[in-house]
Amino acid sequence: MSTHLPHLRVFLDTGVIIQGLKDPRSASFKVLRLLRGAPNLTLVLAEAVEGELQDFVDTLVDTAQRQTFVAAYEAFLNHVFVERVAEPTEDEQLAAAPTLLPAIRHAHDIAPVLSAIKSAPDWILSVNTRHWGAQLAAQTGLRVGHPNDFLEDYAP
């Protein structure tokens, strides 16, 4: 008997990708592993998140660490179905700030959050549940959670 899994679009915050590529014991790593080549899962990847990833890479002083991280990220992207989301305009970010800031608390999260809202994924995952958590979910109507939440709900 074959079990049919629904198609899910999963938006990852920057921290999930960084943690997943750096810590093989983490829930984030398990999520990345599930996304790799799973025909029913699509990574929703925001330009704003890719920009934050580049900022992270730029902070790595050691060239070998930088190269290892970039190679791991590129290998991951080569094995996932990716839906890219454009960065919101500056006007969109300014307009959304008064509404979003009470939920997310940091202005630098506005672009990724707006990208997530615009793409309306099935899941938004973040390791920073204080800023990407229940209040944001209630405000947007989107399913927002920690990678552990997704892993508990998703049963391949």
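The values are calculated or read from the model by the stated rules, or taken from the named source; none is laboratory data. Since the structure is predicted, the reported quantities are computational estimates derived from the model, not experimental observations. Ideal geometry is used to build each Cβ from the backbone, glycine not excepted, and the neighbour counts take in all protein chains shown. Areas reflect the complete protein model, heavy atoms only, side chains present, ligands, DNA and RNA absent. Shrake-Rupley method; radii C 1.70, N 1.55, O 1.52, S 1.80 Å.
Would you check if residue 66 is free of Cβ contacts under 8 Å to residues at least 12 places away in the same chain and closer than 22 Å to residue 51 by Cα?
Judged against the criteria, residue 66 is a match.
For the list (1) over 18 Å from residue 20 (Cβ atoms); (2) part of a strand (DSSP E or B); (3) not charged (D, E, K, R), I need the number of the one condition that residue 108 fails.
(2)
Contact list please: Cβ distance under 8 Å, first residue in the stretch 128-156 and farther than 15 Å from residue 112 by Cβ, second residue aromatic (Phe, Trp, Tyr) and open to solvent by less than 70 Å² (accessible area, probe 1.4 Å), pairs at least six apart or on different chains.
Pairs that qualify, where the first residue is farther than 15 Å from residue 112 by Cβ and the partner is aromatic (Phe, Trp, Tyr) and open to solvent by less than 70 Å² (accessible area, probe 1.4 Å), are 143/123; 145/123; 150/123.
Do we find that residue 125 is under 25 Å from residue 148 (Cα atoms), in contact with a His (Cβ under 8 Å, 6 or more places away or on another chain) and open to solvent by less than 70 Å² (accessible area, probe 1.4 Å) in this structure?
Judged against the criteria, residue 125 is a match.
Can you tell which of 70, 10 is among the aliphatic types (A, V, I, L, M), crowded, with 17+ Cβ neighbours inside 10 Å and at negative phi?
10
Mind telling me which of the residues 12, 94 ends up being in contact (Cβ under 8 Å) with a residue 12 or more places away in the chain and out of contact with any His (no Cβ under 9 Å at 6 or more places or on another chain)?
12
Which count do you get for residues in the stretch 1-32 that are farther than 20 Å from residue 57 by Cβ, of a type outside the set (Val, Ile, Thr) and under 14 Å from the mean Cα position of the chain (by Cα)?
Total satisfying the criteria: 5.
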